[in-house]
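Here is the structure we will look at, set down as structure tokens.
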Amino acid sequence: MRTARLHRCSAWSALALASLVSLAACERRAAPPEGGAPAGPRKEALPAASAPAAAAPVEVEFLEEITGGADRGEALPLVVAIHGLGDRPESFAGLLSGADVKARLVVPRGLAPYGDGYSWFPLQQALASDAVGQGILRAAAALAATIERISAERPTRGKAIVTGFSQGGALTFALALHHPRVVGAAFPVSGWVPPAVLSGASAADPAAPALVALHGDADRRVPIDPTRDAIAALAGRGVKARLESYPGVGHTVSGDMRRDLLQLIRGAAAEAR
């Protein structure tokens with residue numbers, strides 16, 4: 001029987017409520033139909049963020065699940081799956097909850113309510129805008145602190161394996177590029193890299209995580225071309241980054257993408273030390 005636990009973890013961030021209803025509706029379709037929303041813990045709504053001038057502490061909630069028949073008390077690879085705009089952990093967990101890999105799956109909840117789900121950062125402006133880029137960096141810093149704390153409090157093997165869809169994909173890029181101390185592998189799905197995130201990334205070093213991006217070439221919400229350019233720029237700096245494109249796939253996680261994502265996670269988990 002599948003079980004999940006709701007937790008809270010302190011981190012530092014200040015985010016405002018986002019507004020892109022059409023993108024939110026599309027992001028809520030990220031998890032495959034068979035994933036569904038588990039009958040899990042009661043939802044605890046977070047207060048709307050008002051974007052104060054100085055950063056203030058917020059509570060980052062997350063669901064935790066043990067996959068692959070592992071024992072909760074054993075040292076396990078940590079897999080962090082970050083949902084998209086308008087989604088919630090209870091539904092997004094379905095993307096990976098049936099994985100046949102022994103791991104500790106953590107699915108954090110977005111920092112601000114959005115419709116019947118949550119958002120990670122404001123999206124009132126274009127995806128490549130500086131405002132969006134700064135919002136991604138703030139949210140990534142909050143997540144990095146959460147991942148670091150979970151890794152310290154749970155028996156964990158290796159650095160975190162991070163993935164996410166759309167908003168979660170953008171955060172996966174940011175975590176890999178700006179917080180390599182907590183990330184061992186990064187697999188963004190349908191994500192993007194604004195200039196503010198790309199320009200601030202340091203040059204590659206031996207400890208930098210492997211980065212493989214998955215993206216549909218028919219995605220109209222988050223077009224693939226800017227992501228392809230960002231991957232090329234990162235590779236030019238020596239970052240271990242590559243892009244896997246999926247013909248005819250729009251802004252969603254197709255069956256082939258999910259299969260490949262699980263294979264990537266399985267390989268990263270096997271290498272975690």
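The values are calculated or read from the model by the stated rules, or taken from the named source; none is laboratory data. Being a predicted model, the structure only gives us computed values, none of them experimental. Virtual Cβ from ideal backbone geometry, glycine too; neighbours counted across all protein chains shown. These area figures cover heavy atoms from the full protein model, side chains too; ligands, DNA and RNA do not enter into them. Shrake-Rupley method; radii C 1.70, N 1.55, O 1.52, S 1.80 Å.
If you roll a 1.4 angstrom probe over the protein chains with everything in place, what fraction of the accessible area of segment 130-191 belongs to carbon and sulfur, to the nearest %? Don't skip to the answer; put the middle values down first.
Values: 810 of 1550 Å².
In segment 130-191, the share of accessible area belonging to carbon and sulfur is 52 percent.
A simple spin-label model places the labels of Ser254 and Asp130 3.8 nm from each other, with each point 7 Å out along Cα-to-Cβ.
Rolling a 1.4 angstrom probe over segment 55-118 with all protein chains present gives an accessible area of which 53% lies on carbon and sulfur atoms. The label point for Arg181 and the one for Arg273, both projected 7 Å from the Cα toward the Cβ, are 2.2 nm apart. With all protein chains kept in place, the per residue accessible area of segment 166-243 amounts to 36 square angstrom at a probe of 1.4 angstrom. For the listed peptides 81-90, 135-144, a ranking on the average number of other beta carbons within 10 Å per residue, highest first, reads 81-90, 135-144. Across segment 187-196, computed HN-Hα scalar couplings (Karplus, 6.51 cos²θ - 1.76 cosθ + 1.60, θ = phi - 60°) run 10, x, 10, 6, x, 8, 10, x, x, 4 Hz from first to last residue, x flagging Gly and Pro.
Counting only protein heavy atoms and a probe of 1.4 Å, the accessible surface of segment 215-273 is 48% carbon and sulfur. The spacing between segment 114-129 and segment 67-108, judged by their C-alpha centroids, is 23 Å. Each residue of segment 211-224 is assigned a 3J(HN,Hα), and the resulting list reads 10, 10, 9, 10, 7, x, 7, 10, 6, 9, 6, 10, x, 6 Hz, derived from the Karplus form 6.51 cos²θ - 1.76 cosθ + 1.60 (θ = phi - 60°), x at Gly and Pro.
Taking amide hydrogens as placed 1.01 Å from N in the peptide plane, the amide H of Val239 sits under 5 Å from those of Ala204, each at least 5 positions away in sequence or on another chain. Here's how it looks for Asp87: its modeled amide H is under 5 Å from those of Tyr118, which are all 5 or more places away or on a different chain. Here's how it looks for Val79: its modeled amide H is under 5 Å from those of Arg104, Leu105, Val106, Ile161, which are all 5 or more places away or on a different chain.
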